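These notes are about the structure you will find just below.
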Amino acid sequence: MSIPRKNTTLKLTTLAAAVLALSACGGSSDPVESTNIKPSYLGAIATASYDGSSDDLLTAGLGKTGLGGTAPAVADPLKPTPAELRKLAIFNNYRAILDISAAGGYGTLYGPNVDAKGVITTSEGKIAGTEFIAYSDDGTGKQNITMLVQVPATFNPANACIVTGTSSGSRGVYGAIGSSGEWGLKNGCAVAYTDKGTGTGIHDLQNNTVNGQNGVRTDAATAGKNSIFTAGLSAAELATFNAATPNRFAVKHAHSQQNPEKDWGKWTLQSVEFAYFVLNEKYGDLARDGVTHLKKLTPSNTIVIASSVSNGAGSALAAAEQDTQGLISGVAVAEPEVQLAPDNRLSVKRGATTLVGTGKPLYDYFTLANLLQPCAALVSPTTNAFNSVNPTIAANRCSALQANGLVTGTTTAEQAASAMAKLIEAGWQPESTVLQASHYSFATLSVGLTYANTYGRFSVKDNLCGYSFAATGATGAPTSVSAASLATSFGASNGVPPTIGINIVNNLSLGGPLLDAASLSAGNVQDYNIAGALCMRELFTGTSANAVRVQQGIKEVVRSANLRGKPALIVQGRADTLLPVAFTGRPYYGMNKIVEGTASKLSYIEVTNAQHFDAFLALPGYPERLVPLHRYFIQAMDMMYANLKSGAALPASQVVRTVPRGLNGTVANPISTANVPPIQTKPAAADQITFANNVLTIAD
């Protein structure tokens with residue numbers, strides 16, 4: 001039986017009250033900087049303790065075996081408890097980051113049973129400790145950034161460390177549990193999580209229900225400012241919207257109208273401040289008033305590593321850039337989603353290919369991929385990794401692209417080759433060719449559409465480019481969603497449709513709204529909705545009013561690459577098809593060298609035969625070709641901690657050359673350490689990544 005969550009608010013007083021109390025006793029007050037004061041942006045703090053047996057911080061009581069098994073059951077799927085929702089959230093978020101197969105390395109290279117030193121144990125890896133959760137908000141209830149701090153029972157204030165765990169993708173607050181969360185907990189560090197203003201805020205507009213902070217769904221009016229997200233519609237607007245487009249959903253990342261990415265660094269820094277607050281409440285000495293605490297743990301005696309993966313990694317880099325208080329000691333991230341202002345001083349060279357500038361903004365390359373990937377998937381379709389693209393519909397997309405002057409060729413094969421060539425020319429690495437089809441199936445449209453909405457601060461009622469979110473039935477028409485799926489959405493959703501049975505709908509399909517992939521274009525043709533894809537692309541390339549809004553939002557999220565001299569490690573897979581290295585890790589590293597010069601302490605590690613989604617390594621065509629990047633994320637964290645703790649040298653920038661597992665018949669061989677050689681402190685000359693005269697040279 002799990003320990004029930006106890007909703008309590010940490011008891012504290014204002015500094016003014018503390019000063020008055022001390023004055024009344026005739027004593028002098030403690031210096032302002034030594035008094036532990038709750039940050040003003042934090043709401044009520046709920047706490048829960050876990051014994052490390054029946055329930056715990058890392059696995060929610062499931063242990064290594066449970067995380068590798070089937071999803072935990074919910075007693076009443078229509079009325080899940082907060083504890084059940086938390087367990088589901090940890091289960092699903094952990095597995096979303098990692099390949100949960102023994103042959104892929106779970107239980108040997110990584111996993112709860114592999115201790116902080118990399119030793120394989122028989123333990124289930126459960127970790128006792130306490131959680132603290134609260135919203136950060138500006139008082140409107142429209143931000144409600146979820147913050148959560150986990151303090152393991154092994155935390156030692158004499159050897160204090162904090163690790164950030166900003167969620168990746170659009171996930172909820174447990175989104176980094178399997179990446180920086182696990183590393184931090186195993187190493188006795190407090191982990192400072194935040195959902196960064198994305199998260200599993202799903203507003204059922206038809207029934208007007210929302211998720212609360214603990215995941216339980218309730219009526220939007222009852223939830224008020226306590227919901228994770230409620231769409232900003234008046235009663236009249238809601239009624240009109242539902243009448244015109246019934247059974248639709250608003251989701252927080254797309255429809256909050258906040259463009260939270262501009263503040264991802266801010267939210268990450270706030271999560272660190274939250275961690276300091278709860279740690280000093282727990283370990284700090286009482287002040288003379290007997291109520292407030294003194295600050296025992298500060299940046300001068302605490303190691304803080306900003307970390308995470310994907311856009312959580314981008315948040316860590318943004319936090320380091322914005323850290324004017326010295327809260328962050330160092331940075332170690334993997335596959336960061338990070339965007340830079342255009343700067344043609346930089347050139348990036350790999351072999352005979354040179355790209356000038358700082359890469360493409362995320363929305364640029366996602367809308368380009370959204371146009372080209374379905375057609376490009378027809379290049380050697382039988383050799384693609386997990387190709388679920390419909391060849392007939394894809395051929396129609398090729399024809400539509402050719403008619404719009406976006407590809408060349410008179411045959412489908414020629415048009416597909418042209419589409420693939422344009423992706424490579426734009427900056428995708430040749431190693432990503434076989435992954436383009438699966439990425440279109442699973443990620444490209446959903447991510448692109450989410451960012452189109454968030455950058456332009458569009459409301460759900462805008463139905464941008466004719467898209468909406470709804471469950472769909474056998475015919476593809478919108479219908480009501482499964483009540484159980486919605487009730488457990490906090491534990492099961494990734495925060496961006498398609499998710500929990502909510503799909504992307506083309507409202508403008510010929511004959512009426514349909515599931516986008518099945519929708520009909522003019523002439524009764526299925527072409528993966530070329531009109532919608534062109535509309536989304538125009539928001540980046542065009543001059544329409546909507547395009548101006550999106551382009552302004554993009555300008556708000558660019559980063560400087562100035563890490564203020566902090567030691568930092570970026571790890572990325574060369575075959576990353578979601579966030580290609582040419583647009584992210586490579587130019588960020590190069591611009592950091594330009595901006596910081598000799599003060600730069602950033603190293604960039606590029607891993608061959610690795611890509612963005614380790615969880616995809618379970619899909620056909622992936623495991624024999626690719627290795628888990630998570631292996632190198634762990635090494636980067638270990639190296640950064642050793643550098644901050646004892647001054648151990650950080651590795652030089654390099655290419656790590658891995659060995660694919662290959663096949664034994666039709667089954668991928670089990671992974672071994674021979675497949676994933678370690679990062680070298682001093683790489684061989686042929687593996688070095690170098691920078692000189694504003695030219696970044698990547699070992700081929």
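Key figures for this structure:
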item	result
Nearby aspartates and glutamates by direct alpha-carbon distance to LYS295 (threshold 17 angstrom, same-chain neighbours under 8 apart not counted)	ASP30, GLU33, GLU273, GLU281, ASP285
Label-reachable residues, the range 286-305, where backbone N falls under 18 Å from a point 7 Å from GLN325's Cα toward its Cβ	293-305
Where only C-alpha atoms are counted, convex hull volume of the range 598-655 per residue in Å³	86
Added length on full extension, which subtracts the Cα-Cα distance from 0.36 nm per residue, VAL119 to SER388	93.0 nm
Highest average packing first - 521-531, 657-667, Cβ atoms within 10 Å	521-531, 657-667
Label-point gap, in nm, between ARG345 and LYS645 - each point 7 angstrom along Cα→Cβ	3.7
Solvent-accessible area, 1.4 Å probe, carbon plus sulfur percent, for the range 335-470	54
Top positive-direction residue, dipole computed over the range 211-363 with Cβ charges, set ALA313, GLY224, GLY284	ALA313
Reach of LYS142 by Cα under 27 Å, taken over lysines that are not fewer than 8 positions away in the same chain	LYS6, LYS11, LYS38, LYS79, LYS87, LYS196, LYS225, LYS252, LYS262, LYS266, LYS461, LYS555
Residue among SER271, GLY107, LEU85 farthest towards the positive dipole end of the chain, charges placed on Cβ	SER271
Potential lengthening between SER672 and LEU619 on full extension [0.36 nm per residue; Cα-Cα distance subtracted]	17.2 nm
Distance histogram for the range 337-393 (every C-alpha pair counted, 10 angstrom bins, percent rounded to whole numbers)	19, 32, 32, 17, 1
Net charge dipole size for the chain [Lys, Arg +1 and Asp, Glu -1 on Cβ; Debye, nearest 20]	480
Average accessible surface area per residue within the range 185-237, 1.4 Å rolling probe, Å²	31
Cα shape, the range 297-426, gyration tensor, a/c 1.5 rule	prolate
Gyration tensor verdict on the range 626-700 (Cα atoms; rounded if a/c is under 1.5, prolate if a/b is larger than b/c, oblate otherwise)	oblate
Relative frequency of Cα-Cα separations exceeding 24 Å in the range 64-161, percent	41
Point-charge dipole on Cβ atoms (K/R +1, D/E -1) for the range 257-366, about Cα centre, debye to 20	260
Sequence-distant lysines (8 or more away, or on other chains) whose Cα lies within less than 24 Å of LYS349	LYS360, LYS422, LYS593, LYS601, LYS682
Relative contact order (%) - criterion: Cα under 8 Å, at least six apart; region: the chain	14
Probe 1.4 Å, protein heavy atoms only - accessible area per residue of the range 47-171 in square angstrom	34
Residue (of LEU205, ALA236, THR354) at the positive-pole extreme of the chain, dipole from beta-carbon charges	THR354
Share of carbon and sulfur in the accessible heavy-atom surface of the range 72-225 [1.4 Å probe, %]	54
Three-way shape call for the range 88-212 based on the alpha-carbon gyration tensor, with the a/c threshold at 1.5	oblate
Surface per residue (accessible, 1.4 Å probe) for the range 582-700, Å²	39
Directionally averaged shadow of the range 247-348, computed from the convex hull of its alpha-carbon atoms, nm²	11.2
Given charges at beta-carbon only (K, R positive; D, E negative), |dipole| of the range 267-307 in Debye	80
Label-to-label distance, nm, for residues given as ARG657 and THR408 (7 Å Cα→Cβ offset)	3.5
Inter-probe distance in nm under a simple model that places probes 7 Å from Cα toward Cβ, at ASP687 and ASN524	6.0
FRET efficiency, 1/(1 + (r/R0)^6) with R0 51 Å, evaluated for SER482 and ASN694 via beta carbons	0.40
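The values are calculated or read from the model by the stated rules, or taken from the named source; none is laboratory data. Please read these numbers as outputs of a predicted model, since none were measured by experiment. Virtual Cβ from ideal backbone geometry, glycine too; neighbours counted across all protein chains shown. Areas reflect the complete protein model, heavy atoms only, side chains present, ligands, DNA and RNA absent. Shrake-Rupley method; radii C 1.70, N 1.55, O 1.52, S 1.80 Å.
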